[in-house]
Number of protein chains: 2
Amino acid sequence: MKALKERIKKDGEAIGTEVVKVDGFLNHQIDVQFMSQLGKEFRRRFADLKIDKILTVEASGIAIACMTAPWFGYPPVVFAKKTKPNTMTDEFYGAEARSFTKGTVSIIRVSKKYLHQGDRILILDDFLAHGEAATAMTQLVSQAGAEVAGIGAVIEKGFQGGGDRLRKAGFRLESLAIIEKIEKGKIRFV
Amino acid sequence: MKALKERIKKDGEAIGTEVVKVDGFLNHQIDVQFMSQLGKEFRRRFADLKIDKILTVEASGIAIACMTAPWFGYPPVVFAKKTKPNTMTDEFYGAEARSFTKGTVSIIRVSKKYLHQGDRILILDDFLAHGEAATAMTQLVSQAGAEVAGIGAVIEKGFQGGGDRLRKAGFRLESLAIIEKIEKGKIRFV
């Protein structure tokens, strides 16, 4: 998506060879109007998709999931939790996800009340890098007996391989911008 | 707000005398269309307010902040972070916030890049209980030399006193539903 690549070039910051910082519009400060345009692009790419729910993971997936939902006719958005609040008294589905950015491993959880057998799920996230969070979300969906209709990422870091692994596993994945390489402070797209 | 009180009565779950669980539409599964109606109500209540930014805190504040932003002409939404990711290389404002639900104390942080002197800030959150998160956000705003134009909460637990403390401190606070008491599984509104 051209507008996204331009925005990343304009506002993104390359750190070393692994990290792209886009906290000016995506995951600290949020440009909500721009998020809505990204949501519209997900709808265009998944035009034929019938979905019952959008699944994402806290925290920065929530914005893109909320701004995409209207384009799909307002399906419920469910966000997986990274910690278990003491109000989570129901049974839950759980899967392990590593965060390379934060250097942590966490169990992401969704209450069994919010994923059901047969649900067609669109998984959305802001970043797709090694694919740990997305893979964990596919496991939650699978535990519920639901179906992954598609996976959407705003930014895929192609060189970290998560996207290709998901495609090889047979998932339909759409990334709005795929970064091929980060080199000498420059971000190069596929 | 009548529709919200009805929704809380219909989908909310009273746990003991302190906790109202509304994870069916507000903070685990999100009814995005309903959030947008809540956002419209914030605009109505703060009709005269000129704001430059919306400030919230991850994770469950993000949805209401994003769905309120369109009604204010799409100001940037900034969400304070509860952990310091290793991509947060900038200087930041920080304030302590306790979570009574999670039983934790955390420092919430906003990069100095996203709060500026003179900014008029609308603080939004899903819950206002003891007021710890909202108070911490007012401190971030104050550290930046910015101004709290208003504070909005979807649900205020009036009996926990945070709202009254903020009002007494001179803040303009709007809560869309104020719970007076939770008793024998019943939620009573002010």
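What follows is calculated from the coordinates using simple rules that are stated; it is not laboratory data. Note that this is a predicted model, so its numbers are computed, not measured. In this analysis, Cβ positions are derived from the backbone assuming ideal geometry, glycine residues included, and neighbour counts consider all displayed protein chains.
Looking only at the stretch A:113-152, residues that are part of a strand (DSSP E or B), over 16 Å from residue A:50 (Cα atoms) and away from chain B (no Cβ under 13 Å) come to 2 in all.
Check whether at least one residue in the stretch B:94-106 is touching a Phe, Trp or Tyr at 6+ places or on another chain (Cβ under 6 Å) and surrounded by 16 or more Cβ atoms within 10 Å (Cβ to Cβ), and report yes or no. Looking through the stretch B:94-106, none of the residues is touching a Phe, Trp or Tyr at 6+ places or on another chain (Cβ under 6 Å) and surrounded by 16 or more Cβ atoms within 10 Å (Cβ to Cβ). Taking the criterion of being closer than 28 Å to residue B:139 by Cβ and either out of contact with any helix residue (DSSP H, G or I) (no Cβ under 8 Å at 6 or more places or on another chain) or of a type outside the set (Val, Ile, Thr) (or both), the residues of the stretch B:5-22 that qualify are B:18, B:19.
Among all positions in the stretch B:167-186, there is no residue which is more than 30 Å from residue B:9 (Cβ to Cβ) and crowded, with 17+ Cβ neighbours inside 10 Å. Of the residues making up the stretch B:33-66, those that are facing chain A (nearest Cβ under 10 Å) and more than 22 Å from residue B:132 (Cα to Cα) are B:33, B:34, B:35, B:36.
State whether one or more residues within the stretch A:67-90 are away from chain B (no Cβ under 14 Å), surrounded by 15 or more Cβ atoms within 10 Å (Cβ to Cβ) and not acidic (Asp, Glu). Scanning the stretch A:67-90, I find no residue that is away from chain B (no Cβ under 14 Å), surrounded by 15 or more Cβ atoms within 10 Å (Cβ to Cβ) and not acidic (Asp, Glu), so the answer is no. The selection criterion, being away from every other protein chain (no Cβ under 14 Å), surrounded by fewer than 16 Cβ atoms within 10 Å (Cβ to Cβ) and closer than 21 Å to residue A:134 by Cα, does not hold for residue A:10. Taking interchain pairs and intrachain pairs at least six residues apart, which have beta carbon atoms under 6 angstrom, with the first residue in the stretch B:95-107 and free of Cβ contacts under 8 Å to residues at least 12 places away in the same chain and the second of a type outside the set (Gly, Ala, Ser) and not in a strand (DSSP E or B)? From the stretch B:95-107, the pairs are B:102/A:85. Among the residues making up the stretch B:156-190, those that are out of contact with any helix residue (DSSP H, G or I) (no Cβ under 7 Å at 6 or more places or on another chain) and part of a strand (DSSP E or B) are B:157, B:182, B:183, B:186, B:188.
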